[in-house]
Amino acid sequence: AYFAKGEFIPICEAKDRISKVIICPYPPGIPLVNPGEIMTEGIIKQLLHCMEHDIPVHGISDDGMTEVVR
């Protein structure tokens, strides 16, 4: 998935899509998503919760976009 063609989409639209990137809230610094994993509703809810509480999330841009497999 890491080497596949990708597209940037809002994290809230990523349900059932395959991630191209590691998505990791910091702290704690443990990835929630690795390349090739499917973005589930539960994962998206957790990531949105982190973003709402100003927890930095590696793999999601400041405007809420992430890269998924095209």
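Worth pointing out:
- Rounded Å value of the spacing that divides the Cα centres of segment 47-70 and segment 1-44: 9
- Accessible carbon and sulfur surface of segment 19-70 relative to its total accessible area, %, 1.4 Å: 57
- Sites listed here are chymotrypsin sites (Phe, Trp or Tyr not before Pro) in the chain whose DSSP assignment is loop and whose Cβ has at most 16 other Cβ atoms within 10 Å: Tyr2, Phe3.
- Peptide packing for 25-32, 10-17 was compared via the average number of neighbouring C-beta atoms within 10 Å per residue; ordered from the highest value, the list is 10-17, 25-32.
- Per-residue HN-Hα couplings for segment 3-15 [Karplus 6.51, -1.76, 1.60; θ = phi - 60°; Hz; x = Gly/Pro]: 9, 6, 5, x, 8, 9, 9, x, 4, 5, 9, 8, 4
- Seen from every direction in turn and averaged, the convex hull around the alpha carbons of the chain projects onto 3.9 nm².
- Accessible surface, per residue, of the chain when the full set of protein chains is kept, probe 1.4 Å, Å²: 65
- Förster radius 25 Å - calculated FRET efficiency between Ile38 and Asp63 (Cβ-Cβ, nearest 0.05): 0.65
- Computed with a 1.4 Å probe over protein heavy atoms only, the accessible area of Cys24 comes to about 20 Å².
- The charge dipole of the chain, taken about its Cα centre with unit charges on the Cβ of Lys, Arg, Asp and Glu (plus for the first two, minus for the last two), comes to roughly 280 debye.
The values are calculated or read from the model by the stated rules, or taken from the named source; none is laboratory data. Predicted model only: the values in this text are computed from it and were never measured. Neighbour counts run over all protein chains shown; Cβ positions are idealised from the backbone, glycine included. For accessibility, only protein heavy atoms count, side chains too; no ligands or nucleic acids. Shrake-Rupley method; radii C 1.70, N 1.55, O 1.52, S 1.80 Å.
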